[in-house]
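The values are calculated or read from the model by the stated rules, or taken from the named source; none is laboratory data. These numbers were taken from a predicted model, which means no experiment stands behind them. Neighbour counts run over all protein chains shown; Cβ positions are idealised from the backbone, glycine included. Side chains included, ligands, DNA and RNA excluded: accessible areas come from the protein's heavy atoms. Shrake-Rupley method; radii C 1.70, N 1.55, O 1.52, S 1.80 Å.
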Amino acid sequence: QVQLVESGGGPVQPGESLKLTCVGSGNTFTFKAYNFMGWYRQTPGSERELVAGFFTANGGTTYYADSVKDRFTVSRDGARNTIFLQMNDLKSDDTAMYFCNLVAANKNEYWGRGTQVTVSS
């Protein structure tokens with residue numbers, strides 16, 4: 001049993017910053033052996049979009065969507081089974097529900113329930 005819980009969302013004005021946190025619990029080995037861990041976001045009526053995360057394939061790589069590159073930074077604290085998303089210079093288009101995602105090495109996939117980010121003047 002693995003659970004992911006996001007926090008840190010809220011209402012902000014354009015140009016401000018937020019830091020999202022995702023804390024995992026359950027089988028700790030899952031967080032040590034994974035194919036992907038990171039963040040998606042989704043707005044009503046749209047498909048869920050990969051925002052940023054870590055892939056282990058091909059020696060490991062960090063991914064950022066073009067829309068957030070140079071503004072967002074994904075990081076993790078392995079000792080605490082925690083994933084972060086630092087979001088700077090937020091824009092209205094960043095408004096979405098942000099979800100934490102983990103794909104384990106055994107191919108099981110886990111999702112948090114999401115945290116809402118709303119960017120408006």
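Data for the structure
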{"item": "Relative contact order (percent, whole number), region 46-121, Cα cutoff 8 Å, 6+ residue spacing", "result": "19 percent"}
{"item": "Accessible surface, the chain, averaged per residue in Å² (probe 1.4 Å)", "result": "55 Å²"}
{"item": "Additional length obtainable on full extension of the chain from Lys69 to Ser92, 0.36 nm per residue less Cα span", "result": "6.7 nm"}
{"item": "Estimated D of the chain in µm² per second, where Rh is the Kirkwood radius over Cα pairs and Stokes-Einstein applies at 20 °C, 1.002 mPa s", "result": "149 µm²/s"}
{"item": "Efficiency of FRET between Lys107 and Asp77 - r from beta-carbon atoms, R0 30 angstrom, step 0.05", "result": "0.80"}
{"item": "For Thr62, net neighbour charge (Lys/Arg +1, Asp/Glu -1) across residues whose Cβ lies under 15 Å away", "result": "+1"}
{"item": "Estimated distance in nm for a label pair at Asn58 and Ser17, the labels positioned 7 Å out from Cα along Cα-to-Cβ", "result": "3.0 nm"}
